[in-house]
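One structure below.
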């Protein structure tokens, strides 16, 4: 059955409309929260509806700040009492060097036009950087491409190649490469999925670019 691309029910996440999603609890939130120190200053770049920022404010007493492109996202954040402004995150940001203890970009780097600018700006305005993204090198993507010969769908989360905001898909190896190219950044910790099954856990730990779905990186800058 063919999809009707003009149907109002057709999936499209390029508009970033959060009006029907005022709050959410994502699996990676708890892992990110563990990486953030209490009473620190945090900027969430591409903060969406502010769910992560609000949890950090409530649990870690952070000084919160956020930037979000979606008007509905900004409106919801403000209703939550968060200090969020509307704007792009892959451009020169209007903050001084080391303005924040942490800059977070959660599942958003693959959605911007200039990820290298985003990373450089995160490095400039913060002492530590937390970045997560869907690993496009995941084995189900590779198998899907091999068998079907088209843009892999497992990591598009129900969208199609033309109706997703994921415009710069990347793998763990791609991320390591860009960090090497951006001088002054180093990876401090990589938070990976764990399993109670020792065999599965072996593959998750030893072949992360093949088996990890959503890696989380803690970085810091150095001179």
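Coordinate-derived values only; no laboratory data. Note that the coordinates shown come from a computational prediction; the quantities given were computed from them, not determined experimentally. Cβ placement follows ideal geometry from the backbone for every residue including glycine, while neighbour counts extend to all protein chains displayed.
Quick notes on this one:
- The stretch 39-95: relative contact order as a whole-number percent, Cα under 8 Å and 6+ apart: 35 percent
- Taking 0.36 nm per residue of sequence separation and removing the Cα-Cα distance, the residue 83/residue 167 pair yields an extension gain of 27.5 nm.
- Between 43, 104, 187, the residue with the greatest mean-square fluctuation in the GNM of the chain (Cα pairs under 10 Å linked by springs) is 187.
- For the stretch 59-84, the residues whose amide N sits under 11 Å from a probe point set 7 Å from the Cα of residue 29 along the beta carbon direction are 59.
- By DSSP, the beta bridges lying fully in the chain are antiparallel in about 40 percent of cases.
- Expected 222 nm ellipticity per residue - DSSP helices of 4 or more, -39500 (n - 2.57), all of the chain, to 500: -9000 deg cm²/dmol
- Note on residue 75 and residue 113: the model spin-label points, each 7 Å out from Cα along the C-beta direction, lie 2.5 nm apart.
- Full-extension gain in nm, residue 207 to residue 222, via 0.36 nm per residue minus C-alpha separation: 2.6 nm
- FRET E, pair residue 140, residue 199, Förster distance 22 Å, beta-carbon r, rounded to 0.05: 0.75
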